[in-house]
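Step one of this worksheet: look at the structure below.
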Amino acid sequence: MKLAASSLESQVAFNESVYVSSLNEPARSGDGGMAADNIGMKSAAAGETLLVTICVVCCFVICKSSYDIVRKWRGKLDVYIIGSGPVGLTAAILAAQSNVASKIVMYEERTRAQLMGRSHQIMLDGRSVSFMRKLGVDFDNLEGCWEKDRFYTRIGIFQDYLLSVLQQRSSPEIHVHLGTKFTPSIGNSIHGSSKQLAILIAADGLRGSTTSVLGLSDEFLVLPCKAYGAFSAFERSNQPQVPTPDTRVRKLKLDLSAFGSEYRLPDITKSSFHLKVFGTFRHRYMSLLCDKSESNLVRQLRITSDPVILRNIFQESFNNYRCKGESRMTDMEALSMRCSNRLTEIKLAYRKESVAYVEMKTSLF
Ligand SMILES: Cc1cc2nc3c(=O)[nH]c(=O)nc-3n(C[C@H](O)[C@H](O)[C@H](O)COP(=O)(O)OP(=O)(O)OC[C@H]3O[C@@H](n4cnc5c(N)ncnc54)[C@H](O)[C@@H]3O)c2cc1C
């Protein structure tokens, strides 16, 4: 009986436990659903947050890059250059390589043929050569000659070469107006139309007058060189335009009586001259320099009114120091030579101002 009772108890207990467990079962499954809902809601919220974050980041990236593009565009300059001599062309190539210029506009009053025909020689020293190499000038493919690290060429050849380096570039926009003189009306049209910052560079050489058009000072900074000098040039049209290295003669002694002057000098040994013969075989140039002194010889050459004296000095000097194989200068050629009449003081002149800025009509930032 006891056994029966205990088995009954255990039965009841079992049934109770089954009942309890069956009662508990649905309760337990209700908790799990809520948790799952919670997790679902949380993950949905996290998903939303992520989506919003991604959208915000995307918006930020798009806005930032558009802002940068616009800012870069607005931050760029229109570059106007007046004169395509060596200085103007170098400025244009530098501007083109800078990534700052949105467009480059150049005005040159000479035609291309006139530019190419410019006859005098220019010399680039070692520093200028390495600077120009960085800008893309291939000296191995440029007509000229070397003397140590110096390169000599004819200015027309050099300008034509720089012009082609510039025009080979596909960007930025480059407009070269050859045969177009920069005038006040062109200047006004730039001022009127510029929608972004523009700079105007006056590279119009020593005799140019565009600084006044640009509202810049037309003054020069003049540096005396403590030297006197004279210059001569003559042309032999039957000779090639091949540049020659400079011939330099130091401490040249002159006796004016040998050059058609009555003046015999007591202090001839005190004054010595530096002679330079340069140019191409067709276009020959000579310069004569001496220290600034008040010796009788120098004074005589400074005040002389007789143009024949310097002409004779240059003719004689050329015939003494001409290149190997080059023919002598005849008296007829000497007569057609352009030549200083007297020694004048040598000065270096730099423009005080050569760049003008045009402000934007409207400002975005
Ligand atoms: C006879 C001579 C011999 C020389 N010999 C040597 C030498 O042996 N070695 C040496 O290193 N240097 C020499 N030089 C100097 C050398 O030529 C100059 O240093 C050089 O040309 C200066 O270059 P630039 O670009 O400043 O001016 P430039 O070469 O004078 O160029 C200025 C340009 O601006 C143009 N221009 C002017 N006004 C306007 C305008 N309103 N509108 C449009 N275009 C305009 C002109 O047509 C010109 O092409 C010599 C110069 C001369 C005159």
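The values are calculated or read from the model by the stated rules, or taken from the named source; none is laboratory data. Keep in mind the model is a prediction, meaning the values are calculated, not measured. Reconstructed Cβ throughout: ideal geometry from the backbone, glycine too, with neighbour counts over all protein chains shown. With ligands, DNA and RNA removed, areas are computed over all heavy atoms of the protein, side chains included. Shrake-Rupley method; radii C 1.70, N 1.55, O 1.52, S 1.80 Å.
Skipping prolines and chain starts, which residues have an amide H placed within reach, meaning under 5 Å, of the one on Ala227, given they are 5 or more residues away or on another chain?
Those lying under 5 Å, H to H, from Ala227 are Lys292, Ile346.
For region 200-265 and region 291-350, compute the distance between their C-alpha centroids and round to whole Å.
Spelled out, the Cα-based centre of one part sits 11 Å from the other.
Tell me which residues come under 5 Å, amide H to amide H, from Val358 once H is placed; ignore anything under 5 positions away on its chain.
Ala198, Ile199, Leu200
Could you compute the FRET efficiency for Val129 and Thr330, with r as their C-beta to C-beta distance and R0 at 41 Å, rounded to 0.05?
It comes out at approximately 0.65.
Label Leu94 and Val249 with points 7 Å out from Cα along Cα→Cβ: what is the distance between them in nm?
Those two pseudo-labels are separated by 3.8 nm.
Quick check on my link table: of Lys253/Lys324; Lys103/Lys347; Lys181/Lys226; Lys134/Lys226; Lys76/Lys134; Lys148/Lys352, which ones sit more than 27 Å apart, alpha carbon to alpha carbon?
Lys103/Lys347; Lys181/Lys226; Lys134/Lys226; Lys148/Lys352
Using only the Cα atoms, work out Rg/Rh for region 77-218, with Rh taken as the Kirkwood radius, to two decimals.
0.98
Compute the length gained on full extension between Ser171 and Leu221: take 0.36 nm times their separation in residues and subtract their Cα-Cα distance, giving the result in nm to one decimal.
Here the segment from Ser171 to Leu221 would lengthen by 14.4 nm.
How large is the translational diffusion coefficient of region 223-348 in µm² per second when you combine the Kirkwood radius over alpha carbon pairs with Stokes-Einstein at 37 °C and 0.692 mPa s?
220 µm²/s
With a 1.4 Å probe and all protein chains left in place, how much of the accessible area of region 223-348 comes from carbon and sulfur atoms, in whole percent?
51 percent
Roughly what would the spin-label model give for Leu50 and Ser212, points 7 Å off Cα along C-beta, in nm?
About 7.4 nm separates the two model spin labels.
Sorted by packing (mean other beta-carbon atoms within 10 Å per residue), highest first, where do 203-210, 324-331 land?
In descending order of packing, they fall as 203-210, 324-331.
Figure the gain on full extension for Asp306 and Arg338 (residue separation times 0.36 nm, minus the Cα-Cα span) and round it to one decimal in nm.
Full-extension gain reported as 10.1 nm.
Once you have the Cα-Cα distance between Asp138 and Ala233, take 0.36 nm times their residue separation minus that, and quote the gain in nm to one decimal.
Roughly 31.3 nm would be gained on extension.
Provide the solvent-accessible area of His283, counting protein heavy atoms only and rolling a 1.4 Å probe, rounded to the nearest 10 Å².
20 Å²
To the nearest 10 Å², what's Ile309's accessible area with a 1.4 Å probe?
Its accessible surface works out to 10 Å², give or take rounding.
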